[in-house]
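Enquirer: Take a look at this one; I'll ask things after.
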Amino acid sequence: MIGISGSTIMSDPNQLEELFNHDLPHIEIGEFPNEMEAERFFTLAREYGKSFGIHSPLTREGSKYDLIDEIKMPPQKARVLFEREVFKMAKKGAAYVLVHFPYFKNKVSFFEGDIYDGLRFLNHLQNKYGIRIVCEPKLGPAQSPHNIQYLHDCYASFWQDFDLSICLDIGDYRMAAGDQWEKYITRLLPHIKVVHLHNVEYKEDGYFWVPLHPQFEQNDQHYDMKPCIDLLNQGESKYFIFEHTPHTRPTPEVVSEGIHWVNQLLK
């Protein structure tokens with residue numbers, strides 16, 4: 001199933017209806033400015049007949065990274081808030097709740113115990129509330145790949161103990177794994193349920209997420225993403241979510257052409 005992310009409009013309430021104009025069956029979104037705007041989205045999703053997934057936190061004041069390491073708030077508080085969110089989203093009919101996990105702000109010497117405990121907590125919530133929980137490892141500060149590496153290191157040891165899904169961000173993985181991306185992704189395939197789709201455009205002071213498009217495939221300024229999409233098209237069914245951001249001001253034509261191109265690859 002192909003969908004669009006709220007990242008394409010930065011969850012701006014004034015642009016919310018744009019997400020429903022792409023003729024795609026699914027929307028993934030989070031970080032609304034407040035509960036009222038989240039409720040407006042749920043109403044629109046029902047009216048348009050769209051399925052949706054929630055990218056935690058639901059609202060911007062929530063916790064985005066804190067389930068095992070304090071970034072904004074203590075993990076104990078973050079877990080209480082996340083459980084409330086999972087309960088609410090199960091009631092709203094969300095297809096899944098996606099959370100950044102595992103996430104440590106800095107490199108640590110011992111991570112296995114914290115990750116195992118976090119997975120056990122998430123698996124408990126999934127069973128308790130009957131809604132799929134999807135874990136997305138993220139790059140750390142300064143594009144550090146350590147969180148993606150930690151998942152890779154512990155995956156064979158105990159991920160199989162839990163019925164949890166993985167979100168694979170193809171931009172993050174190409175940045176983190178370099179020419180080893182295929183090896184990293186292949187071993188995760190049995191658990192990948194959501195794929196975040198965007199290319200990467202580097203700037204002097206960082207980088208931006210740009211749409212996937214065939215024009216970016218054969219130049220030295222972007223990654224060639226077709227082999228990655230072909231690999232992820234194998235195995236179990238997945239949600240493929242377009243997750244570029246508006247910072248580079250992509251035209252509607254480029255976005256539409258990219259969606260069509262990926263749709264043809266997946267067919």
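The values are calculated or read from the model by the stated rules, or taken from the named source; none is laboratory data. Just so we're clear, the structure is a prediction, and the values are computed from it rather than from any experiment. Every residue, glycine among them, receives a Cβ derived from its backbone with ideal geometry; neighbour counts consider all protein chains shown. Note: accessible area is taken over every heavy atom of the protein model, side chains too, but ligands, DNA and RNA are not part of it. Shrake-Rupley method; radii C 1.70, N 1.55, O 1.52, S 1.80 Å.
Enquirer: Of the residues that make up segment 71-91, is at least one in a loop (DSSP other than H, G, I, E, B), within 19 Å of Thr8 (Cβ to Cβ) and in contact with a Lys or Arg (Cβ under 7 Å, 6 or more places away or on another chain)? Walk me through it before giving the result.
Expert: Quick first cut of segment 71-91, residues in a loop (DSSP other than H, G, I, E, B) only: 71-74.
Narrowing further to those that are within 19 Å of Thr8 (Cβ to Cβ): none.
Within segment 71-91, none of the residues are in a loop (DSSP other than H, G, I, E, B), within 19 Å of Thr8 (Cβ to Cβ) and in contact with a Lys or Arg (Cβ under 7 Å, 6 or more places away or on another chain).
Enquirer: Please enumerate the residues belonging to segment 37-52 that are open to solvent by less than 30 Å² (accessible area, probe 1.4 Å) and farther than 16 Å from Ser7 by Cβ.
Expert: Scanning segment 37-52 gives Phe42, Leu44, Ala45.
Enquirer: Another question, if that's okay. Taking Gln221, is it surrounded by fewer than 13 Cβ atoms within 10 Å (Cβ to Cβ), at pLDDT below 95 and of a type outside the set (Lys, Arg)?
Expert: Details: surrounded by fewer than 13 Cβ atoms within 10 Å (Cβ to Cβ): yes; at pLDDT below 95: yes; of a type outside the set (Lys, Arg): yes.
Yes; evaluated as a whole, the condition is true for this residue.
Enquirer: Still on this structure, please answer the following. Just one of Val195, Val210 is within 16 Å of Ile4 (Cβ to Cβ), in contact with an Asp or Glu (Cβ under 7 Å, 6 or more places away or on another chain) and not acidic (Asp, Glu); which is it?
Expert: Working: Val195 fails: in contact with an Asp or Glu (Cβ under 7 Å, 6 or more places away or on another chain).
Of Val195, Val210, the one residue that is within 16 Å of Ile4 (Cβ to Cβ), in contact with an Asp or Glu (Cβ under 7 Å, 6 or more places away or on another chain) and not acidic (Asp, Glu) is Val210.
Enquirer: For segment 56-63, does any single residue satisfy the condition of being assigned to a helix (DSSP H, G or I) and β-branched (Val, Ile, Thr)? I'd like the intermediate steps shown before the answer.
Expert: Filtering segment 56-63 for residues assigned to a helix (DSSP H, G or I) gives none.
There is no residue in segment 56-63 that is assigned to a helix (DSSP H, G or I) and β-branched (Val, Ile, Thr).
Enquirer: Show the residue pairs meeting these rules: Cβ distance below 8 Å; 6+ apart or different chains; first residue within segment 214-237 and touching a residue at least 60 places away in the same chain (Cβ under 8 Å); second residue of a type outside the set (Ser, Thr, Tyr) and open to solvent by 80 Å² or more (accessible area, probe 1.4 Å).
Expert: Listed pairs, sorted by first residue: Ser237/Met1.
Enquirer: Which ones in segment 231-267 are under 17 Å from Ile27 (Cα atoms) and in contact with a Gly (Cβ under 9 Å, 6 or more places away or on another chain)?
Expert: Answer for segment 231-267, where residues must be under 17 Å from Ile27 (Cα atoms) and in contact with a Gly (Cβ under 9 Å, 6 or more places away or on another chain): Tyr239, Phe240, Ile241, Phe242, Glu243, His244.
Enquirer: Please enumerate the residues belonging to segment 250-267 that are within 21 Å of the chain's Cα centre (by Cα) and either modelled with pLDDT under 95 or not in a helix (DSSP H, G or I) (or both).
Expert: Correct list: Pro250 only.
Enquirer: Next question, about the same structure. What are the residues in segment 215-236 that are part of a helix (DSSP H, G or I) and within 24 Å of Thr186 (Cβ to Cβ), if any? Talk me through it step by step, then tell me what you get.
Expert: Going residue by residue through segment 215-236, those that are part of a helix (DSSP H, G or I) are 215-216, 226-232.
Hits for segment 215-236 are Phe216, Lys226, Pro227, Cys228, Ile229, Asp230, Leu231, Leu232.
Enquirer: Ok, one more. When the residues of segment 169-196 are filtered to those that are assigned to a helix (DSSP H, G or I) and among the aliphatic types (A, V, I, L, M), which remaining residue is nearest to Asn147 (Cα to Cα)? Reasoning before the result, please.
Expert: If we filter segment 169-196 for residues that are assigned to a helix (DSSP H, G or I), which is where we start, we get 170-191.
Right, trim to among the aliphatic types (A, V, I, L, M) and you get 170, 175-177, 185, 188-189.
Values: Ile170: 15, Met175: 12, Ala176: 9, Ala177: 11, Ile185: 14, Leu188: 15, Leu189: 18 Å.
Filtering first and then ranking leaves Ala176.
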